[in-house]
1. What's the exposure ranking of 178, 72, going from fewest to most Cβ atoms within 10 Å?
2. When ranked by the protection proxy of mean other Cβ atoms within 10 Å per residue, highest first, what sequence do the peptides 3-11, 63-71 form?
3. Could you put 83, 218 in order, starting from the residue whose Cβ has the fewest other Cβ atoms within 10 Å?
């Protein structure tokens, strides 16, 4: 499939911020940008055909308006749009697995630590095999070329799974934008630690040391490839969002 950047579109301010960020990324990669909206409205007694058609028209209008805004911001960028019918997490994950990178809007952390507001974004991040970027409203553009260091990039990894595409993307973004890269792996100690007096099983313990060494080993080749990138590694006991 032709390389491209995908962005999920809805009616939120975060979605527009994600689209503009994705447009910048597509321009930097010199690939097309694909805007996608997923709609889950079945035609039932509760949602008659006329209502469903109205919703489709509404979201087609939204896609056109977002595409126009992106083209105004990035003249010459190849922008396409599309709608998918089905469960949003599944449809967006499928789209993400075909893209160089997928961009979604995010409202940040919810009231319960560890959960992102927006179950769709959370599901796609957890399932996609390709890089997924979450963008908040007001976020700076990708690879901003002002010469100032950016706010930093946070990458979540699982040391038990292959993460090379994610590491390549994150290091490349950090190098291009002169941003610090923080790589986080969350883990849970063995159940036995729940019955001991060890205050923090991640500090100096056998399991904690093994996790820290595994994270360092995963990152080491990428440090060598990108020696100018400022990198910190963090093995977190418990939810990664707490970091």
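1. Values: 178 17, 72 8.
The order, fewest Cβ neighbours first, is 72, 178.
2. Details: 3-11: 21.9, 63-71: 16.8.
Highest-to-lowest ranking by the protection proxy: 3-11, 63-71.
3. Values: 83 16, 218 21.
Result, fewest neighbours first: 83, 218.
Quick note: the coordinates plus some simple rules give every number you see, no bench work behind them. Computed from a predicted model, the values in this text were never measured in an experiment. All Cβ positions, glycine included, derive from the backbone under ideal geometry; neighbour counts span all protein chains shown.
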